[in-house]
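Data block below; observations after.
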Amino acid sequence: MSSSPPAMTTTVRMRAHVRCAAPRIARAKGGCRSRAPPPQSAGAEDVDAVDSSEHDIEIAERPDHWRTIDGFYARADGLRDALVATHGDVRRVKAERFCWDYWHVENQYTLLRTPAEDYFGREAYMELEEALLKYAREELGCSGITPVWLSAYVHSMRQELHADVPHGPWAFVLSLTDWDNRKFSGGETQIMRPERLNYWKNFDATEVVERGQILETIEPKFNRLTVFDPRLPHGVTEVFGEKDLLQGRIVLHGWFTDPLPSFSGALTEEMASEALGESLEALYARLTELPRASGMVCAALTVAPSGDVKTLRWTCDTLTPVPMPELPSETDIRDAIMLDIASALLETKFPQTNGESTITLPFCFE
């Protein structure tokens, strides 16, 4: 397979299998690691330094393929107000009402859509984009965003299951729907549960399997940001009973792109480059010998003025081992990969500075 990439990038291409995964209880820089339950909301567990040479590393048993953040955008009410101003008086003719593309693909997509920047104006759009990008940089390790769509769903509109593999490592939906006062049914985001993609491996003859066991259903509550792994089949349930656009399902959506390291605080990228490059070079050599996986993990480091790494926090994790015969369990493979990453980063010694710093490092596996 390919050799490790340049120091300041974090794309990893792994061999099919060479050596076994680490045991369940392992050590990272003198400390032990315990297993944590899979995270249920944004972010993940902190890994706090016990002293300068010991860290407890917690690794979720399973990847976290989606998350919701309620009350995400401070100016969501202003965006909703703009919608009301344009569509509230149905008898008033305004040029802004004629912006919608009726997008219909037989047996797949039916919805109304328009570029969010064109609808809300550049100033409001740039404020929205910056809020989304700030979250993407800090929690997902992504530095880019696709142009954001504004979409509306009224009676009979929907998206059938599909996957958005080429667009970016994370998709997002920010709802402007007046969900609590809705008079329609449907309109939820649905995501295929990953264990159902390998149905017979996880088959349990004693289990009742209904829609809730196959698909995760997420309500588009007002100002809820839903972020998910677009490799998983997903869609929007059909809307029934509402023909007024303003009262239907209205969402902003797009994809986060360009995973790149980010730096904040006293330590700049230029200052950190040499130490980080040395650690990553050795890390990539180890990772390429591990069983193959796909997805990404992102680690946020807190660096003390001394240059020592104080804490490591997993901010996102969609790391999924690729099933192959005669391999260790998927859990053990995840353990081995994430333990190697944590050990390398926690042992990195950065230059001394006059203040604390945060470095966010995404690792993408192909």
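The values are calculated or read from the model by the stated rules, or taken from the named source; none is laboratory data. Remember, it's a predicted structure, so these values are computed and weren't measured experimentally. Please note: Cβ atoms are built from the backbone with ideal geometry, for glycine as well, and neighbour counts cover all protein chains shown. In case anyone asks, the SASA skips ligands and DNA or RNA and just uses the protein heavy atoms, side chains included. Shrake-Rupley method; radii C 1.70, N 1.55, O 1.52, S 1.80 Å.
On a 0 to 90° scale, report how tilted helix 122-135 is relative to the longest principal axis of the chain, with both axes built from alpha carbons and the result rounded to the nearest 10.
The two axes meet at around 30 degrees.
Springs between alpha-carbon atoms under 10 Å, Gaussian network over the chain: tell me which of Ala282, Ala304, Ala205 tops the mean-square fluctuations.
Ala205
Given 0.36 nm per residue, what is the gain on full extension from Asp180 to Glu219 after removing their alpha carbon distance, in nm?
Full-extension gain reported as 13.0 nm.
Quick check: with the 1.4 Å probe, what order do Thr348, Thr353 take by accessible area, largest first?
Thr353, Thr348
What list of whole percents do you get for P(r) of the chain, with Cα-Cα distances grouped in 20 Å bins up to the one holding the largest distance?
With 20 Å bins starting at 0, P(r) equals 27, 51, 21, 1.
Can you give me the angle between helix 76-87 and the longest principal axis of the chain, using Cα atoms only, in degrees from 0 to 90, rounded to the nearest 10?
Approximately 20 degrees, to the nearest 10.
Taking the convex hull of the alpha carbon atoms in the range 66-258, what volume per residue do you get, in Å³?
135
Just subtract the alpha-carbon distance of Asn354 and Ser306 from 0.36 nm times their residue separation and send over the number in nm, one decimal.
Gain on extension, Asn354 to Ser306, equals 16.4 nm.
With unit charges on the beta carbons (Lys and Arg positive, Asp and Glu negative) and the dipole taken about the Cα centre of the chain, which residue among Asn354, His104, Asn198 sits farthest to the positive side?
Among Asn354, His104, Asn198, the one farthest towards the positive end of the dipole of the chain is His104.
How big is the dipole moment of the range 164-299 about its Cα centre under a simple scheme where the beta carbon of each Lys and Arg is +1, that of each Asp and Glu is -1, and everything else is neutral? Debye, nearest 20, please.
Charge dipole, the range 164-299, about its Cα centre: 520 debye, nearest 20.
Considering only lysines 8 or more places apart in sequence, or on different chains, count the pairs in the chain whose C-alpha atoms sit under 26 Å apart.
So the count of such lysine pairs works out to 10.
If you place +1 on the Cβ of every Lys and Arg and -1 on the Cβ of every Asp and Glu, how big does the dipole about the Cα centre of the range 49-193 come out, in debye to the nearest 20?
980
Kindly provide the Kirkwood hydrodynamic radius of the range 82-138 in Å, to one decimal, from all pairs of distinct alpha carbon atoms.
13.6
Keeping all protein chains in place, calculate the accessible area per residue for the chain (probe 1.4 angstrom), answer in Å².
The answer is 46 Å² per residue.
Give me the distance between the Cα centres of the range 322-360 and the range 127-201, rounded to whole Å.
Distance between centres, Cα-based: 28 Å.
Percent antiparallel among DSSP beta bridges with both residues in the range 262-365, to the nearest 5?
Counting DSSP beta bridges with both partners in the range 262-365, the antiparallel share is about 100 percent.
Using the basic label-point model (7 angstrom from Cα toward the beta carbon), what is the Arg92 to His155 distance in nanometres?
Each label point lies 7 Å from its Cα, and together they span 2.6 nm.
Measure off, as a whole percent, the carbon and sulfur share of the 1.4 Å-probe accessible area of the chain, all protein chains present.
50
Is there a quick way to get the dipole size of the chain? I mean about its Cα centre, with the Cβ of Lys and Arg at +1 and of Asp and Glu at -1; what is the value in debye to the nearest 20?
For this selection, approximately 700 debye.
What distance in nm separates the two pseudo spin-label positions at Val165 and Glu269, each 7 Å out from Cα along the beta-carbon direction?
Each label point lies 7 Å from its Cα, and together they span 3.0 nm.
Springs between alpha-carbon pairs under 10 angstrom, Gaussian network model over the chain: which of Val303, Val84, Val93 fluctuates most?
Top of the fluctuation ranking is Val93.
Hull surface divided by four, with the convex hull built on the Cα atoms of the range 300-359: how many nm²?
4.5
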